[in-house]
1. Quick check for me: using +1 on Lys/Arg Cβ and -1 on Asp/Glu Cβ, what's the dipole size of segment A:6-141 about its Cα centre, in debye to the nearest 20?
2. Quick one: what Rg and Dmax do you get for chain B from the alpha carbons, in Å?
3. Which distances, shortest first and in nm, link A:K56 to the matching position in the other copies, using label points set 7 Å out along Cα to C-beta?
4. Can you flag which of A:K84/A:K125; A:K125/B:K125; A:K56/A:K125; B:K45/B:K84 are past 28 Å Cα-Cα?
5. Considering only DSSP states other than H, G, I, E and B, which GluC sites (Glu not before Pro) in segment B:37-136 qualify as loop sites with at most 12 other Cβ atoms within 10 Å?
6. Once you place label points 7 Å from the Cα toward the Cβ at B:K125 and A:Q76, how far apart are they in nm?
7. Starting from a label point 7 Å past Cα on the Cβ side, list the distances from B:S129 to the same position in the other copies, nm, shortest first.
8. Which distances, shortest first and in nm, link A:T82 to the matching position in the other copies, using label points set 7 Å out along Cα to C-beta?
Protein chains: 2
Amino acid sequence: MLGRLYESQNCSASRALELVGERWSLLILRDAMFGGFTRFSQFQKSLGVATNILTKRLEDFVAEGLMDRQQEPGEQAEYVLTRKGQELMPIIIALTEWGDKWVRPGPIRYQSRSGQPVEMQLRGKTSGSRFGVADVVAVPR
Amino acid sequence: MLGRLYESQNCSASRALELVGERWSLLILRDAMFGGFTRFSQFQKSLGVATNILTKRLEDFVAEGLMDRQQEPGEQAEYVLTRKGQELMPIIIALTEWGDKWVRPGPIRYQSRSGQPVEMQLRGKTSGSRFGVADVVAVPR
């Protein structure tokens, strides 16, 4: 019943949250994105997550198209973020920025490869003008 | 055990997710932000959520400082987003954008009060230069 009512909300934000909205999912994706981890053993060592949970999460990510599973003969399988998975990054950065500001500063910051601090900004799609949250409304597509 | 291991990750993104990472929480916040809803009956009618769940979520939002509970004599209580709650908007927009692109287009879009389509963009904090997800790394603060 929850599922049906919830589904009827037909909300893109909710559907995205299904994929990252579980504790371990977010941490696994974070380690893949920013730690460059690809192997089961790397995630397991970094997170201390139970192996059955980690197995399930990685399988789900492959099934959802967030990761590709690649395996060379005699090697451990590698789980490599797809473009779809990599593009969850803005969500993770936005979550981090909010937590840093409103809960307490966390241990990392984001920067460009050239060393510039980066952040998520609300901008006009075509004008590039900057907006604050009080300036934004939601309208039917 | 999960809680302790998880807590040790000390991750701002995870802490923010604690607050929005539950299905109904996100939908309630969305209706407060973009529907201007403040009353229990408005959320209940919009979402069809069980009253005990809605009561608990609104109480939690007040306890977390995401909403203020205001009540005039003889009136229904109103739950009004605080600044801390309002600033969850970029996360909700980023979730929506990802879902629109990678799952399927949802029913709403975001625009400025002046009618310009808006989006979340990854930018240099001081330079304002635009970056893609492949350009970003995480470093210790």
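1. Details: 18 positive and 16 negative charges, 92 e Å.
That gives segment A:6-141 a dipole magnitude of about 440 debye.
2. Every Cα atom of chain B included, Rg and Dmax give 17.7, 56 Å.
3. Counterpart label points of A:K56 in the remaining copies fall at 1.9 nm.
4. Numbers: A:K84/A:K125 21 Å; A:K125/B:K125 18 Å; A:K56/A:K125 38 Å; B:K45/B:K84 25 Å.
Exceeds cut-off: A:K56/A:K125.
5. Details: sites: B:E59, B:E64, B:E75, B:E78, B:E87, B:E97, B:E119; in loops: B:E64, B:E75, B:E87.
Sites meeting the loop and neighbour criteria: B:E75.
6. Between B:K125 and A:Q76, the simple spin-label model gives 3.4 nm.
7. Going from nearest to farthest copy, the values are 2.6 nm.
8. Ordered by distance, the counterparts are at 4.0 nm.
Computed from the coordinates by the stated procedures, all read-outs in this text should not be read as laboratory data. Because the structure is a prediction, the values reported are computed rather than measured. All Cβ positions, even for glycine, are placed from backbone atoms using ideal geometry, and neighbour counts span all protein chains on display.
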